[in-house]
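Here, each number is a calculation from the coordinates, and none is a lab measurement. Everything numeric here is computed off the predicted structure, so don't read it as measured data. All Cβ positions, glycine included, derive from the backbone under ideal geometry; neighbour counts span all protein chains shown.
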Amino acid sequence: MIPYPGKTIADLALRIATDIAPATNSNFAQADSGLITGLLLAVAQDYERAVFNPMADIDEIRVLCRQIIELPEADREKFTAMPACEAFVDAQPRSLMLADVTALHAQALNLLIDIHTWAEEHHDNLNLEVWRLLRRHSERHKFDIPGP
């Protein structure tokens, strides 16, 4: 077992950047090493948050579903994804294996599309909440890769 896989991947990336890339004589090899370094750093970051970030998104989408469920019937009657929203409130990944979390996350994002489509036309406050969620989502999932 590798106790800190994200750090290990980042250390490998830094080794390429600091030891291997400078030792090459080819501009292509140096550029390629830089690209591989950046990708490995992204993988290291994604590895560390591979379950946390999708679960945070899932939890936020559950909140939106609850808000829609609590709306008066007249306000939500054109929301065709209500059965999916009601089922999603209690949905859990089959396990904490990444594939199972990713499957539920994909379901959540598809539901978010339905929620956003409906909210854009029928509920300004929820539409704004979706945009706020998308902002938090993008901040959570961005990569912090050092640049030149």
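Take every pair of alpha-carbon atoms less than 8 Å apart whose residues are at least six positions apart; their mean separation over the length of segment 23-148 yields a relative contact order of 31 percent. Summed over qualifying helices (DSSP H, 4 residues or more, each -39500 (n - 2.57)) and divided by its residue number, the chain shows a 222 nm mean residue ellipticity of -23000 deg cm²/dmol. Can you give the extra length, in nm with one decimal, that the chain gains between residue 26 and residue 59 once fully stretched, where that is 0.36 nm per residue apart less the Cα-Cα distance? Answer, rounded to one decimal: 7.0 nm.
In this calculation the C-beta distance from residue 96 to residue 140 is compared with R0 = 25 Å, giving a FRET efficiency of 0.90. Membrane-span-like helices of the chain, defined as complete DSSP H segments with a Cα extent of 20 Å or more along the helix axis and a mean Kyte hydropathy of at least 0.0, are identified as 27-48, 52-69, 98-122. For segment 68-148, the Cβ-based charge dipole about the Cα centre amounts to some 460 debye (Lys, Arg positive; Asp, Glu negative; other atoms uncharged). The charge dipole of segment 1-139, taken about the Cα centre with unit charges on the Cβ atoms of Lys, Arg (+1) and Asp, Glu (-1), comes to about 520 debye, rounded to the nearest 20.
Think of segment 24-131 as a dipole: +1 on every Lys or Arg Cβ, -1 on every Asp or Glu Cβ, centred on the Cα centre; then among 122, 97, 108, 97 lies furthest on the positive end.
Result for the chain in a Gaussian network model with C-alpha springs under 10 Å: among 93, 72, 54, the largest mean-square fluctuation is at 72. Computed from phi, the 3J(HN,Hα) profile of segment 80-92 under the Karplus parametrisation 6.51, -1.76, 1.60 (θ = phi - 60°) reads 6, 8, 4, x, 5, 5, 4, 5, 5, 3, 9, 5, 10 Hz, with x in place of Gly and Pro.
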